[in-house]
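These notes concern the structure reproduced below.
The numbers here are math on the coordinates, done by the rules we state, and not lab data. If you're wondering where the values come from, they're calculated on a predicted model, not measured in any experiment. All Cβ positions, glycine included, derive from the backbone under ideal geometry; neighbour counts span all protein chains shown.
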Amino acid sequence: MLTRVDKVFDSHVHLGQHHEWIPEGRDLAIELADERAQAILKHDQDIAVATARYLREEGVTYAGAIPSGRQALQESTVDYAKQTDDFFLAFVQYDPRSEPTAPVSFTAAIARGARGLKVHPCSNQIAPNDRALYPVYEVARAHNIPVMIHVGSSVFPGAKMKFCDPMLVDEVAADFPTMQILCAHSGRGFWTEQVFSLTKMRKNVWMELSGIPPKRIMQYFPEIDRVANRVIWGSDWPSSPAPSLLIRLMRELPLKQEVIEAILWNNAAGLFNLG
């Protein structure tokens with residue numbers, strides 16, 4: 001008889017003080033948030049502590065802190081992780097075309113505690129296989145740091161979908177075969193089949209389910225159990241329902257218990273060496 005693991009890793013929580021956000025992103029979050037989440041979003045300098053407290057109450061054990069802006073250098077998540085006793089795993093983000101010292105900055109951020117690299121192609125309008133990113137990827141590869149690449153739709157003004165085509169991720173996966181790549185949002189909107197196929201073919205590519213309603217997961221990925229060892233869950237908070245609701249709906253999916261536990265915790269625990 002399998003014992004349910006109650007730990008949950010939320011891979012995708014946008015975190016930032018008011019001035020760090022893409023304005024449209026914060027407006028959307030406030031519009032979609034429930035009353036409790038709206039109260040959290042009013043916090044500014046103590047946003048990390050307030051959000052961590054809220055997420056723990058929602059049943060989250062650890063969470064990935066995702067930058068919330070489109071600046072060329074975004075590393076404040078490292079400080080937020082420290083403020084919360086490493087409840088948050090800090091993802092940092094760079095646009096090396098405007099920040100040419102990005103590989104050096106990334107190396108220093110890893111030394112300070114960064115646990116992941118985020119690439120947002122449609123927001124920064126840079127293809128994931130742009131050679132300007134390759135020195136940054138090399139730092140991630142050398143330090144065994146997972147890379148999360150936004151692969152899916154975005155409603156923000158100025159976002160261009162062509163940069164999020166998963167075939168551009170395929171080239172990165174081929175060129176960096178030991179670097180673990182998380183396809184954030186798993187191709188929602190356009191490319192769910194392609195992301196699933198890519199995950200089957202490339203052993204260093206993972207599906208990341210943030211922003212996909214649990215009720216749609218079996219519709220989009222009816223054979224998700226075939227790649228169950230490389231799927232992780234995320235909420236996309238605060239542009240999402242309450243994490244506790246999403247977690248409950250995930251546990252109700254018609255999948256084996258060990259698959260659900262792998263998606264909610266065990267896969268992330270192995271990828272990020274979580275206790």
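How compact and how long is region 121-275, expressed as Rg and Dmax of its alpha-carbon atoms in Å?
In Å, with Rg to one decimal and Dmax whole: 15.1, 43.
Given the pairs LYS82/LYS160; LYS162/LYS203; LYS118/LYS200; LYS82/LYS118; LYS42/LYS160; LYS42/LYS162, which span a C-alpha to C-alpha distance of over 27 angstrom in this model? Intermediate values should be presented prior to the final figure.
Values: LYS82/LYS160 34 Å; LYS162/LYS203 24 Å; LYS118/LYS200 22 Å; LYS82/LYS118 19 Å; LYS42/LYS160 30 Å; LYS42/LYS162 34 Å.
Result: LYS82/LYS160; LYS42/LYS160; LYS42/LYS162 exceed 27 Å.
For the chain, with only Lys/Arg (+1) and Asp/Glu (-1) charged at the beta-carbon, what is the dipole magnitude about the Cα centre, in debye rounded to 20? Let's see the in-between values first.
Working: 28 positive and 32 negative charges, 103 e Å.
Dipole size: approximately 500 debye.
Choose one of MET167, LEU28, VAL49: the residue whose Cα lies farthest towards the positive end of the charge dipole of the chain (beta-carbon charges +1 Lys, Arg; -1 Asp, Glu; about the Cα centre).
Of the listed residues, the answer is MET167.
Going toward the positive end of the dipole of the chain, with +1 on Lys and Arg Cβ and -1 on Asp and Glu Cβ, which of ILE149, ALA114, ILE126 do you reach last?
Result: ILE149.
Over 26 Å apart: what share of the alpha carbon pairs of region 1-130 falls there, rounded to a whole percent?
Numbers: 2045 of 8385 pairs.
More than 26 Å apart: 24 percent of the Cα pairs in region 1-130.
How many percent of DSSP beta bridges within region 9-272 run antiparallel, rounded to 5? Intermediate results must be reported in sequence, preceding the final value.
Numbers: 2 of 27 bridges.
Given both bridge residues lie in region 9-272, the antiparallel proportion sits at roughly 5 percent.
Rounded to the nearest whole Å³, what is the per residue volume of the convex hull around the Cα atoms of region 1-63?
Values: hull volume 6.1 nm³, N = 63.
With only Cα atoms used, region 1-63 gives 97 Å³ per residue.
Suppose the chain between LEU249 and LYS160 were pulled fully straight at 0.36 nm per residue; how much longer would it get relative to their current alpha carbon spacing? Mind dumping the intermediate values first?
On the way: separation 89, 0.36 × 89 = 32.04 nm, distance 3.13 nm.
Length gained between LEU249 and LYS160: 28.9 nm.
Once each part is reduced to its C-alpha centroid, what is the distance from region 1-68 to region 69-148 in angstrom?
With region 1-68 and region 69-148 each reduced to a Cα centre, they are spaced 19 Å.
Determine which aspartates and glutamates satisfy two conditions relative to LYS7: a Cα distance under 15 Å, and not lying fewer than 8 residues away in the same chain.
Partners found: GLU57, GLU58, GLU258, GLU261.
Can you put VAL172, VAL13, VAL227 in order of Cβ neighbours within 10 angstrom, beginning with the fewest? Don't jump to the answer; show the numbers that get you there.
Values: VAL172 23, VAL13 27, VAL227 19.
Listing VAL172, VAL13, VAL227 from fewest to most nearby Cβ atoms yields VAL227, VAL172, VAL13.
Around ASP95, which amide H atoms from residues at least 5 apart in sequence, or from another chain, sit under 5 Å from its own amide H, with H modelled in the peptide plane?
So ASP95 has HN proximity to LEU73.
Based on Cβ point charges of +1 for Lys and Arg and -1 for Asp and Glu, what charge dipole magnitude is obtained for region 19-111 about its Cα centre, in debye rounded to the nearest 20?
Working: 8 positive and 16 negative charges, 35 e Å.
Approximately 160 debye in magnitude.
LYS215: net charge of surrounding residues, Cβ under 14 Å, Lys/Arg +1, Asp/Glu -1, itself excluded? Intermediate values should be presented prior to the final figure.
On the way: positive: ARG188, ARG216, ARG248, ARG251; negative: GLU252.
Here the charged neighbours net out to +3.
Between Rg and the Kirkwood Rh of the chain, both from Cα atoms, what is the Rg to Rh ratio?
Working: Rg = 17.1 Å, Rh = 18.4 Å.
For the chain, the value is 0.93.
How high is the relative contact order of region 9-272, in percent, counting Cα pairs under 8 Å that sit 6 or more residues apart?
Details: 497 pairs, mean separation 50.2, N = 264.
That works out to 19 percent.
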